[in-house]
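To start, the structure itself, in C-alpha cells.
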Amino acid sequence: EFEKEKELFKTIDFIPKINLSEDEKNYYIHADVPGLNKDQIKMELSEDNHLITISGERKTIINHSEDNKNENKNENKNENETESIEANETKDETKKESKNKYKNENNTKYSRIECNYGKFSRSFSIPENADVNTIQAKLENGVLEVTIAKIEPPKQEPKRSIQIQ
C-alpha cells in the first residue's frame, strides 16, 4: 500500500511552457522557467546552426530521503491499524486524507504537490533566414526571452533589358 501512496506523490519532470512568435525583424522564444536563475539554464546551438536547445534543472524543495519514507511508512501502518476498528465509510475517508505526506528538512508535511521539478531540455529548429550570430537571451521575472534576428533577404536588382545587336 505504501508503494501506491508513493506513486501518488511522484514528482513529474518539469517541462517549461513555450511560446514561439515572430515579427518583421525577429523570431522569439519565450519560456516560463519560474524559480530558475540564469546559471541554472543552458542554451546551445547545434553544429550546423539549425537547432537551438534550452536545458536546465528546477531543483525540488521536497526531500525524498529514505528516512522520511520509512517514517511515513510507520505512520501509515499505525493509522491503518487504528482505522481497522472504524466503520468502512470512515476508513475510506481517513485513508484518502492520510495519503502519503512527504516531509522536507523543516518537517513540513505535503498533502498536495502540484509544482513540477527536475531536468528539462527543449529544442527548436531555426529557420534558414535567422541570423545565428546575433542570438540574444534575457531572463526576467521567471521568463526566458530568446531573440533571433532575421536576415534581410538580398535585394534583387530590377531586371534590365539587354539590347540585341
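The values are calculated or read from the model by the stated rules, or taken from the named source; none is laboratory data. For clarity, every value in this text was computed on a predicted model and none was experimentally measured. Ideal geometry is used to build each Cβ from the backbone, glycine not excepted, and the neighbour counts take in all protein chains shown.
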Selection from the range 40-60 of residues that are touching a strand residue (DSSP E or B) at 6+ places or on another chain (Cβ under 7 Å) and either farther than 15 Å from E145 by Cα or not β-branched (V, I, T) (or both): Q40, K42, M43, E44, L45, H50, L51, S55, G56, E57, R58
Boolean, E114 is more than 30 Å from P154 (Cα to Cα), surrounded by fewer than 14 Cβ atoms within 10 Å (Cβ to Cβ) and modelled with pLDDT under 75: no
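Listed here are the residues, each with its yes/no results for (1) outside the structural domain of D23 (by TED's automatic domain parsing); (2) of a type outside the set (V, I, T).
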site	(1), (2)
S125	no, yes
A130	no, yes
E140	no, yes
E145	no, yes
P158	yes, yes
I162	yes, no
Q165	yes, yes
Test: residue in the range 23-33 that is hydroxyl-bearing (S, T, Y), touching a Pro at 6+ places or on another chain (Cβ under 8 Å), within 30 Å of K150 (Cα to Cα) and at pLDDT 90 or above: yes
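Given the options N63, N37, N106, name the one that is at pLDDT 60 or above and within 21 Å of L144 (Cα to Cα). Can you show your working first?
Details: N63 fails: within 21 Å of L144 (Cα to Cα); N106 fails: within 21 Å of L144 (Cα to Cα).
One residue alone meets the criteria, N37.
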In the range 130-165, the residues that are touching a residue at least 40 places away in the same chain (Cβ under 8 Å) and more than 23 Å from Y27 (Cβ to Cβ): none
Matching option when the condition is β-branched (V, I, T) and closer than 21 Å to G56 by Cα, among T108, T147, T134: T147
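For S46, state whether it is touching a Phe, Trp or Tyr at 6+ places or on another chain (Cβ under 7 Å), surrounded by 13 or more Cβ atoms within 10 Å (Cβ to Cβ) and at pLDDT 70 or above. First the steps, then the outcome.
Details: touching a Phe, Trp or Tyr at 6+ places or on another chain (Cβ under 7 Å): no; surrounded by 13 or more Cβ atoms within 10 Å (Cβ to Cβ): yes; at pLDDT 70 or above: yes.
Considered against the rule, which asks whether it is touching a Phe, Trp or Tyr at 6+ places or on another chain (Cβ under 7 Å), surrounded by 13 or more Cβ atoms within 10 Å (Cβ to Cβ) and at pLDDT 70 or above, S46 comes out as no.
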